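Data block below; observations after.
The values are calculated or read from the model by the stated rules, or taken from the named source; none is laboratory data. On a predicted model such as this, the values are computed, not experimentally measured, just so you know. Don't worry about glycine lacking a Cβ; one is built from the backbone with ideal geometry, like all the others, and counts go over all protein chains shown.
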Amino acid sequence: MKCIIFTLMMGTVLSQTYHHHDIEMFIDGTFKYVDTDHDGVMVKGELAAVFDYLDVDHDGKLSYAEYTKYDGASAESQLTHDVFNHFDTNKDGFLQRTEYVDTLFSQMDHNGDGQVTRHDYDHFFTNVVHHEMHQGHNGR
Ligand SMILES: [Ca+2]
Ligand SMILES: [Ca+2]
Ligand SMILES: [Ca+2]
């Protein structure tokens, strides 16, 4: 009986939060993936190059399957799913180049110098995750 109650409670918790480990894996994995010259700074050209690389069928947009080829972004993870939906601002189920490269980069580069440091990146994703935790899973 105790076991059943515990399982139910865990189910509720998991639908409202993400594992800290998943968040770290996601941020760390995706940053390293985008920062192709490994100088610790992401520039827009790197993000654009990753977009082209992930867009396997070259239709100018990323499907969920294409997006989850990212290192650190597990297709089964609720976090990955919610981040994808967060970026998909017109809610058509795809990430257009404008959504993924232009909008995303300008949101991350908040001092507008064309460079996104690991600190900027962490800060941005922490905000996205918190936003999604409050928005997405309250069952309303
Ligand atoms: Ca770089
Ligand atoms: Ca595509
Ligand atoms: Ca879209």
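Residue-wise test of (1) without any contact (Cβ under 8 Å) to a residue 12 or more places away in the chain; (2) charged (D, E, K, R).
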site	(1), (2)
Asp52	yes, yes
Lys61	no, yes
Lys69	no, yes
Ser77	no, no
Phe87	no, no
Asn90	yes, no
Gln96	no, no
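Check region 75-85 and report whether any residue there is in contact with a Phe, Trp or Tyr (Cβ under 6 Å, 6 or more places away or on another chain) and under 28 Å from His19 (Cβ atoms).
Within region 75-85 (the criterion being in contact with a Phe, Trp or Tyr (Cβ under 6 Å, 6 or more places away or on another chain) and under 28 Å from His19 (Cβ atoms)), the answer is yes, since at least one residue qualifies.
Against the condition out of contact with any strand residue (DSSP E or B) (no Cβ under 9 Å at 6 or more places or on another chain), under 26 Å from Gln135 (Cα atoms) and surrounded by fewer than 17 Cβ atoms within 10 Å (Cβ to Cβ), how does Thr17 come out, does it pass?
Numbers: out of contact with any strand residue (DSSP E or B) (no Cβ under 9 Å at 6 or more places or on another chain): yes; under 26 Å from Gln135 (Cα atoms): yes; surrounded by fewer than 17 Cβ atoms within 10 Å (Cβ to Cβ): yes.
In short, yes.
Here is a list: Asp39, Asp52. Which entry is closer than 14 Å to Thr117 by Cβ, modelled with pLDDT of 95 or more and acidic (Asp, Glu)?
Values: Asp52 fails: closer than 14 Å to Thr117 by Cβ.
Result of the check over Asp39, Asp52: Asp39.
Checking the condition among the hydroxyl-bearing types (Ser, Thr, Tyr) and under 13 Å from the mean Cα position of the chain (by Cα), which residue from Ser106, Ser77, Ser63 passes?
After ruling out the rest, the residue left standing is Ser77.
Please go through region 26-59 and pick out each residue that is loosely packed, with under 15 Cβ neighbours inside 10 Å and in contact with a strand residue (DSSP E or B) (Cβ under 7 Å, 6 or more places away or on another chain).
The answer is Gly40, and nothing else.
Checking the structure you have, find out if any residue of region 58-71 is of a type in the set (A, V, I, L, M), more than 19 Å from Phe124 (Cβ to Cβ), away from ligand 1 (no atom under 16 Å from the Cβ) and part of a loop (DSSP other than H, G, I, E, B).
The answer is no; no qualifying residue exists.
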